[in-house]
Amino acid sequence: MKGNGRTIIIQPGMISPLAEWKALFEELSRHARVIIYNRAGCGKSDKGITTRNRKENAKDLNSLIKKLSITSPVILGHSYGGLILQQFALEYPNVASGFILVDSTSFDAYKVDEVEIDGEDGNSTEAWIEKCKTYSGLSKKDLQVEMAEWINELKELLPNSSHKEVEEFMSNPSMFESLSEELEYDLLSRETNQYKPFPDTFTIVIGRDPKVSITEMIDCEGLHKSEAEDIENIWQNLISNQTKLSSNTKYILAEDSGHSVHLEKPEVIKRAVDSILNSTKVNG
């Protein structure tokens, strides 16, 4: 937590160390009080005894707000963090003064897995659930070896001062236990997608650039162009549906950015935050 003034709460994505957000966190804290935290099971946050899913994560977010006596925060959620934010909005409709969904996962995210992939799809939700279950049983040392490529990629993006934190974050068996539960409950099951009216809270939806995303899927995941295009079309349709959550929603395209908007185009998020702070008032 840093800064003074209106409160902005950042809910990172599913596998996202706080170090990824440090530069944007510092920038935003120049004009507001900014809070960022690891959800249960990640970083230094205990997993707890309940099965992890978006509803439990939304409860935790509300508990944080009550514990710190925060009034009318602006809440920002990226990827899976955006799904938690959407659940929070349904469960606690009168708490926040603004929402920012950054290339957010949708309630109907299972539709992405319906695209037929040639050969074994190592990035399907089912494949990731199995990976996470395996990783949750490994030691920290073994996980550092298993996740070495991902850890090194993050190290290349982040300053040396963050490298130790990244290693600790990515080699935490508890996180992968949480992930396996969240993936199964929130991204695989269709029965849990029960809709309530979304509040008329000012919401900004930020979507990735489809051209960049398709190229990344081809280059990094080895997908055929047609497969990547099919997946991206579904994702973009889901993002479009988010812009219809309420009549008080604005859409922003993060041009030249893939999924990691906070790293590739943080200025887009900064402008969205400024827009919400300038157009909303604190309730009460």
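The values are calculated or read from the model by the stated rules, or taken from the named source; none is laboratory data. No experiment lies behind these values; they were computed from the predicted model shown. Note that each Cβ is placed from the backbone with ideal geometry, even for glycine, and that neighbours are counted across all protein chains shown.
A few points about this structure:
- Counted residues, region 117-158 - those being outside any helix (DSSP H, G or I), farther than 24 Å from residue 181 by Cα and free of Cβ contacts under 8 Å to residues at least 12 places away in the same chain: 1
- Hits in region 93-128 (condition: of a type in the set (A, V, I, L, M, F, W, C), out of contact with any strand residue (DSSP E or B) (no Cβ under 7 Å at 6 or more places or on another chain) and modelled with pLDDT of 95 or more): 95
- Restricting attention to region 243-279, the residues being in a helix (DSSP H, G or I) and of a type outside the set (D, E, K, R) number 13.
- Some residue of region 213-230 being under 22 Å from residue 95 (Cα atoms) and touching a residue at least 24 places away in the same chain (Cβ under 8 Å): no
- Number of the condition not met by residue 240 [criteria: (1) outside any helix (DSSP H, G or I); (2) polar (S, T, N, Q); (3) within 19 Å of the chain's Cα centre (by Cα)]: (1)
- Residues within region 132-188 that are within 19 Å of residue 79 (Cβ to Cβ), among the small types (Gly, Ala, Ser) and in contact with a helix residue (DSSP H, G or I) (Cβ under 7 Å, 6 or more places away or on another chain), tallied: 1
- Leading residue by the ranking (surrounded by the fewest Cβ atoms within 10 Å (Cβ to Cβ)) among those in region 58-95 that are among the polar types (S, T, N, Q) and in contact (Cβ under 8 Å) with a residue 60 or more places away in the chain: 94
- Residue 117 meets all of the listed conditions (1) surrounded by 15 or more Cβ atoms within 10 Å (Cβ to Cβ); (2) within 24 Å of residue 20 (Cβ to Cβ); (3) more than 21 Å from the chain's Cα centre (by Cα) but one, namely (2).
- With a requirement of 3 or more residues that are aliphatic (A, V, I, L, M) and closer than 21 Å to residue 245 by Cβ, the strands (runs of 3 or more DSSP E) lying completely within region 7-112 that satisfy it span 7-11, 74-78, 98-102.
- Conditions (1) assigned to a helix (DSSP H, G or I); (2) more than 27 Å from residue 114 (Cα to Cα); (3) modelled with pLDDT under 95: number failed by residue 282: (1)
- Subset of region 235-256 [within 11 Å of residue 207 (Cα to Cα) and of a type in the set (Gly, Ala, Ser)]: 240, 254
- Cross-chain or 6+ apart pairs with Cβ under 6 Å, region 20-49 first and surrounded by fewer than 19 Cβ atoms within 10 Å (Cβ to Cβ), then assigned to a strand (DSSP E or B) and not hydrophobic (A, V, I, L, M, F, W, C): 29/2; 33/7
- Exactly one residue out of 246, 226 is out of contact with any strand residue (DSSP E or B) (no Cβ under 8 Å at 6 or more places or on another chain) and of a type in the set (Gly, Ala, Ser): that is 226.
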